[in-house]
1. Please specify each residue of the range 211-236 satisfying the condition of being at pLDDT below 95 and either assigned to a helix (DSSP H, G or I) or closer than 16 Å to ARG41 by Cβ (or both).
2. Assigned to a helix (DSSP H, G or I), touching a residue at least 40 places away in the same chain (Cβ under 8 Å), among the aliphatic types (A, V, I, L, M) and closer than 24 Å to ARG160 by Cβ, is that true of LEU127?
3. Looking at the range 233-280 only, could you name the residues that are of a type in the set (A, V, I, L, M) and under 17 Å from ILE214 (Cα atoms)?
4. Among LYS16, LYS49, LYS26, which is surrounded by fewer than 16 Cβ atoms within 10 Å (Cβ to Cβ), at negative phi and among the basic types (Lys, Arg)?
5. Out of all the residues in the range 1-36, which are among the charged types (D, E, K, R) and modelled with pLDDT of 95 or more?
6. Taking the range 9-32 on its own, how many of its residues are outside any helix (DSSP H, G or I) and either farther than 16 Å from ILE93 by Cβ or charged (D, E, K, R) (or both)?
7. Examine the range 115-124 for a residue that is buried (at least 18 other Cβ atoms within 10 Å of the Cβ), of a type in the set (A, V, I, L, M, F, W, C) and in contact (Cβ under 8 Å) with a residue 24 or more places away in the chain, and state whether such a residue exists.
Amino acid sequence: MERRVIIIIGPTCSGKTKLSLHLAEKLNSEIISADSRQIYRLLNIGTAKPTKKELEKVKHHFVDTLNPDETFNVSRYEIEALKIIDDLHRKAIVPVVAGGSGLYIKALVDGIFNEVDTDEEYRQELLAEKEKFGNEYIYQKLMEVDKTSADTMLPQNWKRVIRALEVIHLTGEPIWKFHERHKREVNIEFLQYGLNWNRELLYENINNRVDKMISAGLLEETKSLLARGYSQELNALNTVGYKEIIAHLKGEYDLDRATELIKRNTRRYAKRQMTWFRKDSRIKWFEIEKEEELEKIADTIIQGISQN
C-alpha cells in the first residue's frame, strides 16, 4: 500500500467521520480532514466536528488549526496536505482523507491552478455590489457567464464566485478551463470511496443531526462566537447552521424557523455535494442504509487495497 491515500467522500451526514475513524484505527493511520469549516477553532457543534474522544483516539490534521478570523484557501490546503501525506508515507503510513469539501478533494487529487493575475479594481467593484445587493446577486452574474463553474458553488461562497468572475473578466475564459489545463505530477495513488444513501434516509439523517445540534447548544455556541468579537461577516460563519442562527439572533425569525431553514439548506447543500462528486468516475461508491454498515465497509476497503 506504498504511496497510496484513501479518500472518503460523500454528502454531509453520510458517515464519513465514522468510516474514516474505523479505517484509521485498523490501519494505525492518521486522518487528514477535507472539511473547509472544521479547520476553525470554536466552531464545534455547527461543523459536526469529531468529538474530543475521537480526536484523542486518532490524530487529525486540519481540525482546530485556525481561529475563525484567520484566512485559509484551497491552494494552501493542497500544499500543506501533500506535505503531510509525504511525511506519513515516509513512516509507511497510509493516510486517510475524509471530508465533503469537493474543491479540497479536487485540489488534493488533481491540483489547483493559481496562475491568473488579479484585477483589484474589478474585484472591489464586485465587492461593492455584493455589499449592496447581496451574495445572490453576484452569484447570478456568474450563472449568466459561466454556469458550469457556478453549479459547483453556493452563493455564500462569494470569494470563489468573485474569483471566477475575475478570471473570466481578465481572460475571457471560464475558470474551469484553467483547472482542466492545470497538470501536476505526484507519485501518489489516490483511492476514492463514496458513501451513497437513499435520499430519504440521508434527509432523515440530516434532520436528526440538526435537531441534535440545536439540543447540544448551537445557539449558545453562535452567541459565544459573536460575544468574542468575531464578525458575523466572517467566511467561517457564512455557512449553513451559523448564518441561520445569526439571522435568528438579529430578530429575522424565531428559533423554530431557523431550525427548519438549517435543515432545508443542509439538504440543498448535500444535493450539491452529490452533484459534484458524481461527476468523478474514479470514485467507488458504497450503497449504505445504516451506520452499522460502516465497519464492514472499512474492512472491504482494506481487503480490496491489500489484494492489489
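1. Listed by number, the residues that qualify are LEU234, ASN235, ALA236.
2. It is false that LEU127 is assigned to a helix (DSSP H, G or I), touching a residue at least 40 places away in the same chain (Cβ under 8 Å), among the aliphatic types (A, V, I, L, M) and closer than 24 Å to ARG160 by Cβ.
3. Scanning the range 233-280 gives LEU237, VAL240, ILE245, ILE246, ALA247, LEU249, LEU255, ALA258, LEU261, ILE262.
4. The match here is LYS26.
5. Residues satisfying the conditions are ARG4, LYS16, LYS18, GLU25, LYS26, GLU30, ASP35.
6. The qualifying residues number 8.
7. No.
The rows are residues; the columns are (1) over 18 Å from the mean Cα position of the chain (by Cα); (2) modelled with pLDDT under 90; (3) of a type in the set (Gly, Ala, Ser).
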residue: VAL145; (1), (2), (3): yes, no, no
residue: THR148; (1), (2), (3): yes, no, no
residue: ALA164; (1), (2), (3): yes, no, yes
residue: ILE188; (1), (2), (3): yes, no, no
residue: GLY194; (1), (2), (3): no, no, yes
residue: ASN198; (1), (2), (3): yes, no, no
residue: ILE206; (1), (2), (3): no, no, no
residue: ARG209; (1), (2), (3): no, no, no
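The values are calculated or read from the model by the stated rules, or taken from the named source; none is laboratory data. The structure displayed is predicted, hence computed values, not measured ones. Every residue, glycine among them, receives a Cβ derived from its backbone with ideal geometry; neighbour counts consider all protein chains shown.
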